[in-house]
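The values are calculated or read from the model by the stated rules, or taken from the named source; none is laboratory data. Bear in mind the structure is a predicted one, so any value in this text is a computation, not a measurement. So basically every Cβ, Gly included, is an ideal-geometry build from the backbone, and we count neighbours across all protein chains shown.
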Amino acid sequence: MAEHTNRTFICSVLFLDIVEYSQRSVAEQIALKERFNAVLTEAIAGVATDDRIILDTGDGAAVSFLGDPEDTLFAGMSLRDAVAGQDVTSGPQLQIRVGVNLGPVRLVKDINGQPNIIGDGINVAQRVMSFAEPGQILVSRSYYDVMARLSEDYAKLFHYEGAKTDKHVREHEVYAISSAPSNLRRTVPVPAPKPVLRLPSLHIPKFLKLRVRTWPDTLAVNGKLLVAAPLAFTLIVGTGVIARSHRNSDGEVKTVVSVAPPAAAPRVGPAKVEAPESAPPPRDATLNIVALPWAEVFVDGTRQGVSPPLRAIPLRPGRHRVELRNGSFPAHVQTVELKPGTELSITHRFRR
């Protein structure tokens, strides 16, 4: 934790608010806060102590996750489901609103010498939370962009809610997290690639006789076996379509098609010698960077910015040295070979 003090870095923030907390009596506030603290402690139990900072906001809490952004997602969903599934026989009903953001924050010491988080990352998380309905989780655009890149399953969890304007006239694009994520984790079968039919060079007579029987069977041209054939096909030879066949009710098709002789080759005069055109310059390649939880990006020793948000860096074709730096973590260095017009992605996760 000490290496982050007085440094600005990127982290994901979970901002929580107890609905109508200030309108409750003191006794009800105490009961709600105790229940809230219990479910929050259970929701973040799987996150290492050094990877999170919890701030008590009075009517809720703000949890900054210094490690994987997935920790914020799972903690938020676990907390929401635990509150929704509570069985309260007596006392006030606990309801929460949740906002999530990924952005720059600064770790400082508070008046008591304890770690505290300040910065736009936590401010935006609070603004996003203010747009949420009771029992709803809303996330910012920056957090959605990172999670959608990590996994297609994660991308299916989010639903665009539109652009919202806060009291400071600042606009935020927000996404809601589905209440039934398990139903979205379905595997889509990938169809097998269709086989490519390649015919050898054939001597084509003036008339062809084609015969197709029920599948699986063979294709014969003038009695000569070629290849296995489907029920319907189009045979293309030379300059035109020779035959198109479909199976009839008897399971057999006979087709005779006349093939026009090739047209006479046109006379070719002396070729005109034209000055060769200069070759166009090669197109730039694109390098995409996804670094978790964040990284400063250097290409060939030149600083390109911070990821996230996702950086799409146009580069000239050729070999480049890419370096990702994150505080006290060892730098990740990778050499890439980019071809004209291609796109390459580098994903790296810094771990302790």
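Is it the case, given these coordinates, that Ile30 is more than 18 Å from Ser78 (Cα to Cα) and either touching an Asp or Glu at 6+ places or on another chain (Cβ under 7 Å) or at pLDDT 90 or above (or both)? Judged against the criteria, Ile30 is a match.
Within region 325-338, the residues that satisfy the criterion of being more than 22 Å from Asp71 (Cα to Cα) and either surrounded by 12 or more Cβ atoms within 10 Å (Cβ to Cβ) or aromatic (Phe, Trp, Tyr) (or both) are Ala331, His332, Val336, Leu338.
Out of region 298-311, which residues are assigned to a strand (DSSP E or B) and closer than 20 Å to Pro69 by Cα? Correct list: Gly305, Val306, Ser307, Arg311.
Select from region 312-324 the residues that are among the basic types (Lys, Arg) and assigned to a loop (DSSP other than H, G, I, E, B) and list them in ascending order. I'd like the intermediate steps shown before the answer.
Step one: list which residues in region 312-324 are among the basic types (Lys, Arg), which gives 316, 319, 321.
Once the filter is applied, which keeps residues that are among the basic types (Lys, Arg) and assigned to a loop (DSSP other than H, G, I, E, B), region 312-324 yields only Arg316.
Take the conditions (1) surrounded by fewer than 17 Cβ atoms within 10 Å (Cβ to Cβ); (2) under 22 Å from the mean Cα position of the chain (by Cα); Asp81 misses just one of them, which is (2). Per the listing Leu138, Leu157, the residue uniquely touching a helix residue (DSSP H, G or I) at 6+ places or on another chain (Cβ under 8 Å), at pLDDT 90 or above and under 19 Å from Thr57 (Cα atoms) is Leu138. Right, Phe15: in the same structural domain as Gly121 (by TED's automatic domain parsing), touching a residue at least 12 places away in the same chain (Cβ under 8 Å), assigned to a helix (DSSP H, G or I) and surrounded by 20 or more Cβ atoms within 10 Å (Cβ to Cβ) or not? No, not satisfied. Against the condition touching a helix residue (DSSP H, G or I) at 6+ places or on another chain (Cβ under 8 Å) and on the phi > 0 side of the Ramachandran plot, how does Gly99 come out, does it pass? When the stated conditions are applied, Gly99 does not pass them. Residues in region 108-162 that are under 21 Å from the mean Cα position of the chain (by Cα), polar (S, T, N, Q) and either surrounded by fewer than 21 Cβ atoms within 10 Å (Cβ to Cβ) or more than 20 Å from Ile96 (Cβ to Cβ) (or both): Ser142, Ser151. Taking the criterion of being at pLDDT below 85 and among the aliphatic types (A, V, I, L, M), the residues of region 296-320 that qualify are Val306, Leu310, Ala312.
Test Asn123 against the stated conditions and say whether it is in the same structural domain as Val19 (by TED's automatic domain parsing), of a type in the set (S, T, N, Q) and assigned to a strand (DSSP E or B). Give the steps one after another, and end with the answer.
Working: in the same structural domain as Val19 (by TED's automatic domain parsing): yes; of a type in the set (S, T, N, Q): yes; assigned to a strand (DSSP E or B): no.
Here the answer is no, as Asn123 does not meet what is asked.
Can you tell me how many residues in region 47-77 are assigned to a helix (DSSP H, G or I) and of a type in the set (Val, Ile, Thr)? Within region 47-77, residues that are assigned to a helix (DSSP H, G or I) and of a type in the set (Val, Ile, Thr) number 2.
Can you go through Leu66, Leu73 and tell me which one is touching a His at 6+ places or on another chain (Cβ under 9 Å), buried (at least 21 other Cβ atoms within 10 Å of the Cβ) and within 29 Å of Leu324 (Cα to Cα)? Before the answer, list the steps.
On the way: Leu73 fails: touching a His at 6+ places or on another chain (Cβ under 9 Å).
Leu66 is the lone residue from the list that is touching a His at 6+ places or on another chain (Cβ under 9 Å), buried (at least 21 other Cβ atoms within 10 Å of the Cβ) and within 29 Å of Leu324 (Cα to Cα).
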